[in-house]
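The next block holds one structure in the form of structure tokens; read it before the comments.
The values are calculated or read from the model by the stated rules, or taken from the named source; none is laboratory data. Since the structure is predicted, the reported quantities are computational estimates derived from the model, not experimental observations. Cβ placement follows ideal geometry from the backbone for every residue including glycine, while neighbour counts extend to all protein chains displayed.
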Amino acid sequence: MSGLLRDILKPVVSGFGITARRLSHAKVTVMYPEHKREQYPRTRWRHALKRYDSGLEKCIGCSLCAGACPARCIFVEAAENTDEQRFSPGERYAVRYEINMIRCIFCGYCQEACPTGAIVLEKNFELADTTRESFIYTKARLLDPLPQAK
Amino acid sequence: MPSRVETLVLHDSSTPVIGDTQKAGNVVVTGADFLLKAARSNSLWPLTFGLACCAIEMMGTVASRFDIARFGSEAFRATPRQADVMIIAGRLSKKMAPVLRQIYDQMPEPKWVISMGACASSGGVYNNYAIVQGADQVVPVDVYVPGCPPSPDALIYGVLKLQEKIRKKNAANFKDLRLWEGLTGARTLEEVEA
């Protein structure tokens with residue numbers, strides 16, 4: 001009888017004890033599509049081209065980001081600002097700014113190289129898509145909207 | 001409509017007229033399509049095709065924090081015969097490409113491909129002689145997931161995109177149902193890319 005207790009009942013009870021203890025633990029699963037987990041402070045995902053508070057673009061079309069990019073996924077074409085059409089405070093602005101998001105490795109070297117802080121890697125990670133063409137992010141898609149007039 | 005549809009018609013009590021294959025066939029295809037899409041999109045069994053570091057994030061996706069089982073994709077299969085979606089996780093070398101193609105061909109219809117990470121999708125930083133510049137040169141890719149590597153939630157977003165794609169595609173005829181490749185013949189390249 002004592003053998004039955006020792007060999008069968010005790011292991012079964014202690015085994016269910018582990019299950020019972022685990023039941024009281026907090027759940028670890030992040031319910032992703034409904035709740036997004038808080039990203040770490042230095043997380044690097046989708047790029048954004050920033051503007052000054054005046055609405056002028058920070059990018060001056062210097063192509064340093066394209067030079068720093070290890071994947072060679074950035075293309076910048078610069079043009080001169082004129083007094084009639086002014087996009088950035090400097091002499092030049094980026095007339096075309098394209099990032100091949102499928103080749104980008106989100107290393108953040110472009111952000112490091114940028115002298116004006118124009119390109120910033122933000123935390124939107126929902127980039128998956130079904131066609132290859134849709135991953136060419138043009139300037140229109142990257143640029144922040146104009147600040148609302150106050 | 002091919003006469004084979006009628007075998008389906010006999011099992012469907014809501015079919016109005018059995019003799020009218022054209023009309024009844026479409027009713028059956030639409031009804032079966034709705035059920036098949038619901039069933040398929042909610043049980044996408046992935047094939048493990050871990051080629052590099054992205055595979056670590058793919059394993060993390062299955063673990064309890066992100067738990068891809070919530071979307072019915074927890075059953076990672078090591079054999080292509082039991083898998084629905086191939087997750088290419090990592091850079092695809094030119095030497096591996098024929099192996100990838102063979103394994104894709106061994107998967108039964110219906111089958112889908114997720115290209116995970118910059119390297120599998122486009123070659124990434126490895127723009128050299130050894131790496132295929134995009135797995136879509138070898139197999140038709142349904143969803144591209146950028147990132148180096150994509151975090152588990154980014155991969156889950158890709159799986160959700162694929163589910164959405166499966167639900168949106170309406171079958172126009174019997175072949176579109178993708179029931180049995182041996183019966184209808186392999187899909188043409190245009191059908192795969194559509």
Would you check which residues across the stretch A:125-139 are assigned to a loop (DSSP other than H, G, I, E, B), more than 7 Å from chain B (Cβ to nearest Cβ) and in contact (Cβ under 8 Å) with a residue 40 or more places away in the chain and list them?
-> A:Thr138
Tell me which of these A:Tyr40 doesn't satisfy, since it passes every other one: (1) out of contact with any Asp or Glu (no Cβ under 7 Å at 6 or more places or on another chain); (2) away from chain B (no Cβ under 11 Å).
-> (2)
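Exposed (fewer than 11 other Cβ atoms within 10 Å of the Cβ), more than 19 Å from the chain's Cα centre (by Cα) and in a helix (DSSP H, G or I) - does that describe any residue in the stretch A:23-38? Show your work before the answer.
Residues of the stretch A:23-38 exposed (fewer than 11 other Cβ atoms within 10 Å of the Cβ): A:23-28, A:34-35, A:38.
In the following step, the residues that additionally are more than 19 Å from the chain's Cα centre (by Cα) were identified as A:23-28.
After this cut, where a residue has to be in a helix (DSSP H, G or I) as well, the list is A:23.
The answer is yes, given that some residue of the stretch A:23-38 is exposed (fewer than 11 other Cβ atoms within 10 Å of the Cβ), more than 19 Å from the chain's Cα centre (by Cα) and in a helix (DSSP H, G or I).
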How many of the residues in the stretch A:113-150 are touching a helix residue (DSSP H, G or I) at 6+ places or on another chain (Cβ under 7 Å), more than 26 Å from B:Ala135 (Cβ to Cβ) and of a type outside the set (A, V, I, L, M)?
-> 2
Checklist (1) under 13 Å from the mean Cα position of the chain (by Cα); (2) small (Gly, Ala, Ser); (3) within 10 Å of another protein chain (Cβ to nearest Cβ) applied to A:Gly108, failing item | (3)
Residues (over 21 Å from B:Ile68 (Cβ atoms) and at pLDDT below 90) located in the stretch B:107-122 | B:Pro108, B:Glu109
Within the stretch B:35-44, is there a residue that is buried (at least 21 other Cβ atoms within 10 Å of the Cβ), over 18 Å from A:Pro33 (Cβ atoms) and either in contact with a Ser or Thr (Cβ under 8 Å, 6 or more places away or on another chain) or not small (Gly, Ala, Ser) (or both)?
-> no
The stretch B:108-122, subset of a type outside the set (A, V, I, L, M) and more than 7 Å from chain A (Cβ to nearest Cβ), residue farthest from B:Lys37 (Cα to Cα) | B:Cys119
Consider only pairs whose beta carbons are under 8 Å apart and that are at least six residues apart or on different chains; among these, list those whose first residue lies in the stretch B:149-173 and is within 7 Å of another protein chain (Cβ to nearest Cβ) and whose second residue is part of a helix (DSSP H, G or I) and not aromatic (Phe, Trp, Tyr).
-> B:Ser151/B:Glu57; B:Ile156/B:Thr61; B:Ile156/B:Ile68
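What are the residues in the stretch B:134-146 that are within 9 Å of chain A (Cβ to nearest Cβ) and either touching a Gly at 6+ places or on another chain (Cβ under 7 Å) or over 14 Å from A:Cys104 (Cβ atoms) (or both), if any? Talk me through it step by step, then tell me what you get.
If we filter the stretch B:134-146 for residues that are within 9 Å of chain A (Cβ to nearest Cβ), which is where we start, we get B:134, B:136, B:141-146.
Across the stretch B:134-146, the qualifying residues are B:Gly134, B:Asp136, B:Val141, B:Asp142, B:Val143, B:Val145.
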Can you find a residue in the stretch B:153-170 that is hydroxyl-bearing (Ser, Thr, Tyr), more than 15 Å from B:Ile87 (Cβ to Cβ) and outside any loop (DSSP other than H, G, I, E, B)?
-> no
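Results for (1) modelled with pLDDT of 90 or more; (2) more than 14 Å from chain A (Cβ to nearest Cβ); (3) in a helix (DSSP H, G or I); (4) within 28 Å of B:Gly124 (Cβ to Cβ), shown as yes or no for each residue.
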site: B:Leu35; (1), (2), (3), (4): no, yes, yes, no
site: B:Leu47; (1), (2), (3), (4): yes, yes, no, yes
site: B:Thr61; (1), (2), (3), (4): yes, no, yes, yes
site: B:Met86; (1), (2), (3), (4): yes, yes, no, yes
Would you check if there is a residue in the stretch B:166-185 being within 17 Å of B:Leu44 (Cα to Cα) and over 15 Å from the mean Cα position of the chain (by Cα)?
-> no
Tell me which residues, restricted to the stretch A:108-120, are closer than 16 Å to A:Glu98 by Cβ and part of a strand (DSSP E or B).
-> A:Ile119
Taking A:Ile99 as the residue in question, decide whether it is touching a strand residue (DSSP E or B) at 6+ places or on another chain (Cβ under 8 Å) and within 14 Å of another protein chain (Cβ to nearest Cβ).
-> yes
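Looking only at the stretch A:39-61, which residues are loosely packed, with under 10 Cβ neighbours inside 10 Å and under 19 Å from the mean Cα position of the chain (by Cα)? Can you show your working first?
Keep residues of the stretch A:39-61 that are loosely packed, with under 10 Cβ neighbours inside 10 Å, which gives A:40-42, A:53-54.
Within the stretch A:39-61, A:Tyr40, A:Pro41, A:Arg42 qualify.
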Among the numbered criteria (1) among the aliphatic types (A, V, I, L, M); (2) within 14 Å of chain A (Cβ to nearest Cβ); (3) assigned to a loop (DSSP other than H, G, I, E, B), which single criterion is violated by B:Ala75?
-> (2)
Residue check, B:Ile56 hydrophobic (A, V, I, L, M, F, W, C) and in contact with a helix residue (DSSP H, G or I) (Cβ under 6 Å, 6 or more places away or on another chain) | no
